[in-house]
Amino acid sequence: MSVTIISVRELSFQYNSAEVLAEVSFDVTPGDYIGLVGPNGSGKTTLIRILLGLLMPSAGTVSLFGRSSLDFREWYKVGYLSQRFMASYHHFPATVKEIVSMGLLSKKRFPKRMGSSDEMAIEKALECMDIVDIKDKLIHELSGGQQQRVFIARTIVNEPDLLILDEPTAAVDPETRERFFNLLENLNHQKRTTIILVTHDMGSIGKYASKMMYLDKRVIFYGTFEEFCRSTDMSSLFGSLSQHLICHRHE
Amino acid sequence: MSIRRQKWIFILTLILIAAFAFTSCQKKEQKVEKVQKIQVITTLFPLYDFVKNISQDKVDAVLLLPPGVEPHSFEPKPDDIVRINKADLFIYTGPFMEPWAADILKGLDNKSLIVVDSSKDISLMGEKGKHGHDHEKKKEVHEKEHRHSHEKGHKHDHEMDPHIWLNFANAQKMVDHILEGLVKKDPTNKELYSKNAEQYKSKLNDLDQKFKETLSRCKKKIFIHAGHFAFGYLARRYGLQYVAAYGFSPDAEPSPKRLIELTKTMKKHGLKHIYYEELITPRVAETLSKETGATLLMLHGAHNLTKDEFEKGVTFISLMEENRKNLEAGLQCQ
Amino acid sequence: MEMIDFLSYGFIQRALITGFFIALLCSFLGFFLVLRRLSLIGDGLAHVTFGSVAVALFFKTFALYVSIPVVMISALGILRLIEKAKLHGDAAIGIVSSLGIAIGILLASLAGGFNIDLFSYLFGNILAISREEMILSILLSGVVFLVIIFFYHDLLSVTFDEESAKAAGVKTRRINTLLFLLTAVTVVLTMKAVGILLTSALLILPAVTSLQVSKGFKASLLISSLVGVLSVIGGIFISFWLNLPTGATIVLFNFFIFMLVFAHRRYNIKKRRLL
Ligand SMILES: [Zn+2]
């Protein structure tokens, strides 16, 4: 049962001979809810793109669900929400339902067809994000908050075992944010969904995450939330006040 | 990323530089051989061939059109203009065949250049040959009235058939104009030029007689051309009816009605042959042949030659001989 | 009566049949291309075709044997420029198409002329379609149709967002390659059959028209093909009635449909704002 979800060893990545990531090693076990934090340009997004197989590392290995990411094929187990989902879809002619259905694609084999069980899964995801009534609307007719719910629905529609979220709550209304964090908590508690959440929102992450990773080209800190709060390194890094703020919220 | 992009741009620039270097080298090689001969630039193949026949090898004749290029859509490149600027004699068909000539000649600083408009004193036919001489007279009157108002716009509302060389009487007049130009530039060889011109004109005259003779004994008095309207002068000279798919130049596209009219005409007259034009893929002719079961035959307008034809040493007269034979077959002459 | 007479001509029948399939072909592919901001790829590849015809004439081989592989390679070249060099689509298309023209012109000057006017290759004519061109266009639209049916979801997700499609395990590279190769073959074939004007118009106009009325991805794709077919068939009939050149009539009619739809949409937006 306790197969590690992610195992990273001695990972490094250079871009145009500049070091982006160095000597990154860590394990993620089932049910972890990891808050991934770090300053701008610390390599968080790069790390995630490598985990997803979108980038090749310069050195080191990544394995997903016990298998090297090079021959990992079960992408349906991984849900991914990129920070760029707000990019310009201004005239893309897809309905909410069509976009959510894209999330089911990773489970399908050729020829990829949608059946009645898929319809139900879509319906469920729409309900989950409270967007059933706008399912036939076009994505560009929606507000930013609604759009984001659609993308979250797309990410969770095939109930992935691992969710990777890259700053999903940037520029989103508080209600959506609240609903989103509650949803993640439910998934984490009830379905033991493993979650990696990249965020700037230190306040919120403190409420939910079970582990913290502080990345700045290298892994500066990786451990449970309690360890994070006790760590003197972290208090010197953040200043004891903000550390207190994060940790206080958790209690 | 930027390094990669730079690499690409670099490679591309190299290719382009190589391309330019290559072409300019080529041109230079061509220029070296010319020594002291009179430089004569012609625009269309008939003019080129006429010059060759009159002058033999006394002048250096150049055909502006590269082999295989369709002449109606041709515009001289900067390099061509440089060549005209360095030439002694520039011979063109007329303002309707080479509408670009007037502007270019105006802009030249070659003071000693003699320009020959081969259509001088030749009466042009108007729209599809229907108006004929009447039109010509009207045009003259018209021009006097409007000379000051709009010289340029005039050409467009009265488009004239530029294919004068396909009437062999006109062709003889063109030979005269060319001779005049050559003598003006090179009086020392006047006798030779005049003698050759006379000989060539008599050949053209023979050709004319032969056409007259052949076409007088034909069952059909009509021929259908799936090309542009180039043979109006020829048809009128020998009393034939002539139908073409396009107007005076081949750049337009025929309408479905036009094609249906053509097939109807072919069927009505029981024509078993359809003519296609030189240089251009005979798509329309093939369509009409499929529609009517007619056989394809070429009718060469002689505007320009293909590369192969140049290498074979085809002449204006040999092309017209071919045309005569093809007309003989198509018009069912006995 | 006149209409029945009109339809009895073989070239009209071939124009209608081939036009129908070419319209389907181009509007299907064009829909994906326009959404990916690759509208001008038809034009670009047409110029490469021009260059490849020069190559064929230079080596005196049958033009299609050279054009199809050359244009396919160029299409993949555009794709790699976009993927690897991170160039924008229009820049990549511009590079490859200008290279195509440059090679054409260079070869024309090296060869010292050809046996046929090179530019006449750029202008096929919908009224002068051969039986082979008709059969090829039917086969090719069959292939494109099957590809769209079997890879519909992959195409949708790649078109929408390539990165998340890739993260969802879609073989984005394979899908892209497929799309570009089909576009290449389509451009060569339609260029030869109906000319550069109709090729680039049919790759763009039906798609942008459908985007004006979009009700969803699948709906837009269908509307795009409908607009394409309507323009071609309608254009052929109009050109008969009004005695006009057919290719240009098709393009103008297609543009007319676009303007109608556009005006309708603007009117609706204004009305909604007033309410
Ligand atoms: Zn002509």
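All of the numbers you see were taken from the coordinates with simple rules; none came from a lab. From a predicted model like this one, the values you see are computed outputs, not experimental measurements. Heads up, the Cβs are rebuilt from the backbone with ideal geometry, glycines too, and the neighbour counts pull from every protein chain shown.
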Sequence ranges C:251-263, B:37-49, C:10-22, ranked by mean other-Cβ count within 10 angstrom, highest first: B:37-49, C:10-22, C:251-263
Estimated FRET transfer efficiency (C:K171, B:E322; beta-carbon r; R0 60 Å; 0.05): 0.55
Candidates C:F31, C:F237, C:F160, ranked by Gaussian network fluctuation over chain C, Cα under 10 Å, top entry: C:F160
Efficiency of FRET between B:K77 and B:K210 - r from beta-carbon atoms, R0 25 angstrom, step 0.05: 0.05
Peptide A:39-52, shielding by other chains (average Cβ, 10 Å cutoff): 1
Chain C: calculated mean residue ellipticity at 222 nm from DSSP helix runs of at least 4, using -39500 (n - 2.57): -28000 deg cm²/dmol
The stretch A:224-237 - phi-based ³J(HN,Hα) in whole Hz, Karplus 6.51/-1.76/1.60, Gly and Pro as x: 5, 5, 4, 4, 4, 6, 7, 4, 6, 4, 5, 5, 6, 6
Residues B:L105, C:L242, C:L99 arranged by fewest to most Cβ contacts within 10 Å: C:L242, B:L105, C:L99
Cα centroid separation, the stretch B:262-334 to the stretch A:1-30 (Å): 75 Å
Neighbour-count ranking [beta-carbon atoms within 10 angstrom, fewest first] of B:T214, A:T46, B:T93, C:T61: C:T61, B:T214, A:T46, B:T93
Under Karplus coefficients 6.51, -1.76 and 1.60, residue-wise ³J(HN,Hα) of the stretch B:105-116 in Hz, glycine/proline x: 5, 4, x, 7, 10, 8, 6, 8, 5, 9, 10, 10
Per-residue Cβ neighbour rank within 10 angstrom, fewest leading, B:S112, A:S106, B:S255: B:S112, B:S255, A:S106
Alpha-carbon gyration tensor eigenvalues x 5, square-rooted, for the protein assembly as shown, Å: 71, 31, 22
Chain A: calculated mean residue ellipticity at 222 nm from DSSP helix runs of at least 4, using -39500 (n - 2.57): -10500 deg cm²/dmol
Globularity index of the stretch C:3-274, i.e. its alpha-carbon radius of gyration over 2.2 N^0.38 Å: 1.03
Distance violations [Cα-Cα > 22 Å] among B:K52/B:K190; B:K37/B:K120; B:K37/B:K312; B:K37/B:K184; B:K267/C:K192: B:K37/B:K120; B:K37/B:K312; B:K267/C:K192
Projected label distance in nm at B:K111 and A:E123, using a 7 Å step from Cα toward the beta-carbon: 9.5 nm
Number of partner chain Cβ atoms within 10 Å, mean per residue of C:242-251: 3
Antiparallel %, DSSP beta bridges [both residues in chain A], to 5: 55 percent
Chain A - Rg and Dmax from Cα coordinates, angstrom: 18.4, 56
Whole-number percent relative contact order across chain A, with pairs defined as alpha carbons under 8 Å at least 6 apart: 26 percent
Kyte-Doolittle mean at least 1.0 and Cα axial length at least 18 Å: DSSP H helices in chain C: C:10-35, C:41-58, C:63-83, C:89-111, C:131-150, C:172-212, C:217-241
Span-like helix ranges in chain A, DSSP H, alpha carbon extent 30 angstrom or more, Kyte mean at least 1.0: none
In order through the stretch B:236-243: 3J(HN,Hα) via Karplus (6.51 cos²θ - 1.76 cosθ + 1.60), integer Hz, x for Gly, Pro: 5, 4, 9, x, 10, 8, 10, 10
Nonlocal amide H pairs with B:L296, under 5 Å, H built at 1.01 Å: B:I274
Beta bridges per DSSP with both ends in the protein assembly as shown, % antiparallel, nearest 5: 35 percent
Estimated FRET transfer efficiency when R0 is 60 angstrom, pair A:S143-A:T61 (beta carbons, to 0.05): 0.90
